[in-house]
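Asker: Okay, handing you the structure first.
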Amino acid sequence: MKRSALVLLAAVIALAGVLVVVWPRTVEAQPQLAESAQLRFVLTPASTKSGRNSFDLRVTDRSGHPAQGAVTVEPAMPQMGHALAPITAGPAEPGRYEVGDVDLLMAGQWEITVSLNAERVVIPLLLT
């Protein structure tokens, strides 16, 4: 009886160890910074999981003053040949834009190209 209890306990411990190693982890969404010659872009995704997502985007000049104009976002995953049509970001307040309902269909390295007027940057985004 003791032997079977020990075997069961060892199996439970082994299963818990396997789950800790292979269980998917969510990486906390962090602001991603990119700078062009004139502007600073800070993109913050709502999530780092693949699927439907949204972004908060702040655009300022190098002095920190809000930049204004039409902002477009172009998500792409070049390694897999995926690219989404350009999305126009909605202005939330001066220098702050929102992009909603973006379908980043798979996990991996994405490149988010952000454009404002003639300024253009590529911001890497890793999704789980």
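The values are calculated or read from the model by the stated rules, or taken from the named source; none is laboratory data. This is a predicted model, so every value here is computed, not measured. All Cβ positions, even for glycine, are placed from backbone atoms using ideal geometry, and neighbour counts span all protein chains on display. Heads up: the accessible areas ignore ligands, DNA and RNA and are worked out on the full protein's heavy atoms, side chains in. Shrake-Rupley method; radii C 1.70, N 1.55, O 1.52, S 1.80 Å.
Asker: Which log10 I(q)/I(0) values does region 32-127 give at q = 0.10, 0.14, 0.20 Å⁻¹ under the Debye formula, counting every alpha carbon as one identical point scatterer?
Answerer: Log10 of I(q)/I(0), two decimals: -0.23, -0.45, -0.91.
Asker: Still on this model: For the chain, what % of the accessible area comes from carbon and sulfur atoms, probe 1.4 Å?
Answerer: Numbers: 4840 of 7960 Å².
The nonpolar share, carbon plus sulfur, comes to 61 percent.
Asker: Here is a further query. Accessible area per residue of the chain at 1.4 Å probe, in Å²?
Answerer: For the chain, the per-residue accessible area is 62 Å².
Asker: For GLN68 and ASP101, what is the calculated FRET efficiency with R₀ set at 30 Å and r taken between the beta-carbons, to the nearest 0.05? Write down the numbers at each step before the final one.
Answerer: Numbers: r = 23 Å, r/R0 = 0.77.
According to the calculation, E is roughly 0.80.
Asker: Now, a different point. For HIS82, what is the net charge nearby, where nearby means another residue's Cβ is under 13 Å from its Cβ and Lys, Arg count +1, Asp, Glu -1?
Answerer: That works out to -3.
Asker: Sticking with this one: Dipole of the chain, Cα-centred, from +1 at each Lys and Arg C-beta and -1 at each Asp and Glu C-beta, to the nearest 20 debye? List each step's numbers first, then the result.
Answerer: On the way: 10 positive and 11 negative charges, 155 e Å.
It works out to roughly 740 debye.
Asker: Can you tell which of PRO91, MET80, ILE123 lies farthest toward the positive end of the dipole of the chain, using +1 and -1 charges on the Cβ of basic and acidic side chains (Lys, Arg; Asp, Glu)?
Answerer: MET80
Asker: Can I ask one more? May I ask for the angle, rounded to the nearest 10°, between helix 2-22 and the longest principal axis of the chain, with both axes built from Cα atoms and the value confined to 0 to 90°?
Answerer: 10
Asker: Let me ask something else. Pick from LEU39, LEU15, LEU57 the residue whose mean-square fluctuation is largest in a GNM of the chain, springs joining Cα atoms under 10 Å.
Answerer: LEU15
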